[in-house]
Each structure stands twice: as C-alpha cells, then as structure tokens.
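Novice: One structure, as structure tokens, below. Some questions next.
Since every read-out is calculated from the coordinates, none of them should be taken as a lab result. Given the structure is predicted, the values throughout are model-derived calculations rather than measurements. Here Cβ is always computed from backbone atoms with ideal geometry, including for glycine, and neighbour counts include all displayed protein chains.
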Amino acid sequence: MKEEAIKRIEEQQAKLKEGTAAWVVGEQLKDICHREAKSAELIAQDLQVKEMSLVEAEKQIKKWADGHKTGNFAYVSPQKADEILRKFYGLPGATAEEVETPKVAESVRATTGIVDLADFL
C-alpha cells in the first residue's frame, strides 16, 4: 500500500509546481508513508477524495500559520505541519512501534552484536 500512496501523491505533485507549499506537503506525506504502513494506507484512500488533496491539506497548514502570525511573519515547524497533516488525514501518532525499521540491520545486530555504521546512513 505504501507504493500506491506514494504513486497517488506523485500524481498530484505532477500537477503542481515543484517547491510550492502543496508540493512540499506531498514530500512530507511521502516521508510518513515510508515510515508508517498504517498511515500509508489511510493516505492512499484519502487522496482519492478531492477534498483531501495535497492542495486542501496545505490550506490547513496555511490556516494555522495565518492564525499564529507575528506581524507579517508566520512559521510552521515540520513537527507542527506533521501534527496538522495527521489531524487532517486522521493518521495515528507516530510511535516507535509504528515506525518501520530495517529488518536486515536488526537481525545482524541481534545475531552478532555488531553495529554496522552503514545502518546509520
């Protein structure tokens, strides 16, 4: 389902100019999909609905930013954007149990006790 979610994100991104706020929302959603299988499934389903598009998700982030301006300045941290996107798409919070980890690296460490520095790259 991860591949399907990423495909749907990229289809919507193809209609947007690279680097725009809505396009960047797609990048953040792809990161979530890579880490969390349950979230990828929900995102894949939601992106089939026009009201749940990348553009609509970006509007939610902008709405929050507009409501938290200091003068003419507004900033939304990646963590806050993640929170807004999770609420918009109804995604579970990212916990250590939900985040997928490399299985090969885990099994090597478990059987040999050796940590490969390449695991961190």
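Novice: Report the full-extension gain for the segment Glu51 to Trp64: residue separation times 0.36 nm, less the Cα-Cα distance, to one decimal in nm.
Specialist: On the way: separation 13, 0.36 × 13 = 4.68 nm, distance 1.77 nm.
Stretched out fully, the Glu51 to Trp64 stretch lengthens by 2.9 nm.
Novice: Students often forget the sequence filter, so: which lysines lie under 20 Å Cα-Cα from Lys7 once same-chain residues fewer than 8 apart are removed?
Specialist: Lys15, Lys17, Lys30, Lys38, Lys50
Novice: For Ala22, what is the net charge nearby, where nearby means another residue's Cβ is under 12 Å from its Cβ and Lys, Arg count +1, Asp, Glu -1? Intermediate results must be reported in sequence, preceding the final value.
Specialist: Numbers: positive: Lys15, Lys17, Lys59, Lys62; negative: Glu18, Glu27, Glu56, Glu58.
Net local charge, Ala22 excluded: 0.
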